[in-house]
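The values are calculated or read from the model by the stated rules, or taken from the named source; none is laboratory data. This one's a predicted model, so the numbers in the text were calculated from it and none came from an experiment. Reconstructed Cβ throughout: ideal geometry from the backbone, glycine too, with neighbour counts over all protein chains shown. Heavy atoms of the whole protein, side chains included, go into the accessibility calculation; ligands, DNA and RNA do not. Shrake-Rupley method; radii C 1.70, N 1.55, O 1.52, S 1.80 Å.
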Amino acid sequence: MRKRTLYLETSVFGFYFDEEPANREKSEAVRMLLYQIQEGVFEGVVSQFVAVELGRSEKIGLDLLKLLEQHCIKVIRVDDEEAEELASGYINTDVLPESLRADARHVACATILSVDVLVSLNLKHIVNTWRVRGFNAANLKMGYKMVEVAIPQEVIHYAE
């Protein structure tokens, strides 16, 4: 069986160190997902844009970047021009506003990389049925494949 490739959007990493009781389920799912990537159940990838965003975190930027190496997550460089063009396609078709270009860029990178699933915890702007339909309509119009989007809880393998 082929190992599935997951694009991890920046929001996923923010929950790794989250100790808020209200976020316990998300935090546990993120930790399990990263562990499963490290163990080879999945291939985890991010774009250069995720790496830059992780490094910008004032409090724990270095700790977030270390997660990539610790959990064997590959940073794959996506052509900036192609990513911006596809992100503009989402913006020009009103899937996302210009102010959310960074989110549009993540969806574009996952699409360009043809990953199996884009994993995010950004429920408002990415993991949203109506937005996913819009992303995929734009993808098909611009000659790309559809992108599947899910939260960590939907992709991790659970023990029987």
Handout entry: Residue list for the range 52-64, filter: at pLDDT 85 or above and surrounded by 15 or more Cβ atoms within 10 Å (Cβ to Cβ)
Key = 53, 54
Practice task
Keeping to the range 72-86, report how many residues are part of a loop (DSSP other than H, G, I, E, B) and open to solvent by 50 Å² or more (accessible area, probe 1.4 Å).
Solution key: 3
Exercise for the section: Tell me which residues, restricted to the range 87-103, are buried (at least 22 other Cβ atoms within 10 Å of the Cβ) and within 29 Å of residue 41 (Cβ to Cβ). Expected result: 103
Exercise for the section: State yes or no: is residue 69 part of a helix (DSSP H, G or I) and open to solvent by 60 Å² or more (accessible area, probe 1.4 Å)? Expected result: yes
Handout entry: the range 122-160, residues that are surrounded by fewer than 21 Cβ atoms within 10 Å (Cβ to Cβ), in contact with a Ser or Thr (Cβ under 6 Å, 6 or more places away or on another chain) and hydrophobic (A, V, I, L, M, F, W, C)
Key = 127
Problem - Selection from the range 17-37 of residues that are closer than 16 Å to residue 71 by Cβ and part of a helix (DSSP H, G or I) - result: 27, 28, 29, 30, 31, 32, 33, 34, 35, 36, 37
